[in-house]
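Undergrad: Before we start, here is the structure in question, set down as structure tokens.
Throughout, read-outs are computed from the coordinates displayed, never taken from laboratory work. As the structure is a prediction and not an experimental result, all values here were calculated from the model. Here the Cβ positions follow ideal geometry from the backbone for every residue, glycine too, while neighbour counts run over all protein chains shown.
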Amino acid sequence: MANSGAKASKNGRRTQAERTALSDQRMFDAAIRLIIDRGTQKTTLKDIGEMAGYSRGLANYRFGSKDGLMLELFARFDERWKEHLNRYIGDKEGIAGIKAAADALRDFLKLESEYMRAMYILWYESLGHESEIRSRLSEHHRVYREDAARWVTHAIETGEVDPDVDAEQFAVQYCAFIFGTVYQWLVDAEALDLDALFEDYEANVERILIKRNKDR
């Protein structure tokens, strides 16, 4: 890849792979803008291709259908989010893992605000009908709950968290905070002080999980 990039720079021409990657990225960027402005139902492949600066049919040729493009957009977002999340969590477990995941979301809302807004619009609009995106979203929620439950279970085993805490129920409540916060942010981002909100929530998590141990 390094050689082909150098060659392209030297002769001033992009390779076919580079041109394809560039056009894909421009179409994804256009899709994000259109989803934010119109929602998914009124976003068409034709409009995506034209806003990206290409022919009407390129998006259809490249992705086959609007669902195909949306699924690819979902996959790219998922990869981007996981890379971001992993940088925060690393090998953290227990309460440290819970807090790191919350911090990751807080900062992702700030750093990738347009991407987040477009993807959550896409996800929420998928709830009204059966679709591949809805199925994938359901799987993602399951994984998020399992991660949170695992962190709490690990903390119980190490004595960090009160053994009476129900890890699975906490995981549901944790995800309710995460997704509820994103929903409120979508409605009115200016109404939320993200730093204060997450700082307060993380302090509450510690009080909820270790309060009874401190009382003993």
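Undergrad: Helix-only mean residue ellipticity at 222 nm, the chain, DSSP H runs n ≥ 4 weighted -39,500 (n - 2.57), per residue, nearest 500. What is it? Intermediate results must be reported in sequence, preceding the final value.
TA: Numbers: 10 runs with 171 residues, N = 216.
Helices in the chain give a 222 nm mean residue ellipticity of -26500 deg cm²/dmol.
Undergrad: A further question follows. Specify, per residue and in Å³, the volume enclosed by the convex hull of the alpha carbon atoms belonging to the range 99-143. Can you show the working numbers first?
TA: Numbers: hull volume 3.2 nm³, N = 45.
Each residue corresponds to 70 Å³ of Cα convex hull volume.
Undergrad: Next question, about the same structure. State the Kirkwood hydrodynamic radius of the chain in Å, one decimal place, computed from all pairs of distinct Cα atoms. The partial results should precede the final answer.
TA: Values: mean 1/r = 0.0509 Å⁻¹.
Kirkwood radius, the chain: 19.7 Å.
Undergrad: May I pose another question? For the range 46-58, in order, what is each residue's ³J(HN,Hα) by Karplus, 6.51 cos²θ - 1.76 cosθ + 1.60 with θ = phi - 60°, in whole Hz (x at glycine and Pro)?
TA: Per residue, the Karplus-derived 3J(HN,Hα) values read 4, 5, 4, x, 5, 5, 6, x, 10, 5, 4, x, 5 Hz.
Undergrad: Related question: Assuming 1.567 mPa s and 4 °C, estimate D for the range 7-74 with Stokes-Einstein, Rh taken as the Kirkwood radius over Cα pairs, in µm²/s. Don't skip to the answer; put the middle values down first.
TA: Numbers: Rh = 12.4 Å.
Value of D from the Cα-based Kirkwood radius: 105 µm²/s.
Undergrad: Which net charge results for the neighbourhood of Ala149, defined as the other residues with beta-carbon distances under 11 angstrom from its beta-carbon, given Lys and Arg at +1 and Asp and Glu at -1? Could you put the intermediate results ahead of the total?
TA: Details: positive: Arg142, Arg145, Arg150; negative: Glu146, Asp147, Asp166, Glu168.
Here the count lands on -1.
Undergrad: Could you line up His129, His140 from fewest to most neighbouring Cβ atoms inside 10 Å? Write down the numbers at each step before the final one.
TA: Numbers: His129 8, His140 14.
Fewest to most other Cβ atoms nearby, the residues stand as His129, His140.
Undergrad: Could you tally the net charge around Thr44, taking each other residue with its Cβ under 11 Å from the Cβ of Thr44, Lys/Arg +1 and Asp/Glu -1? Please list the in-between numbers first.
TA: Details: positive: Arg38, Lys42, Lys46, Arg56, Lys66; negative: Asp47, Glu50.
Spelling it out: positives minus negatives among the neighbours equals +3.
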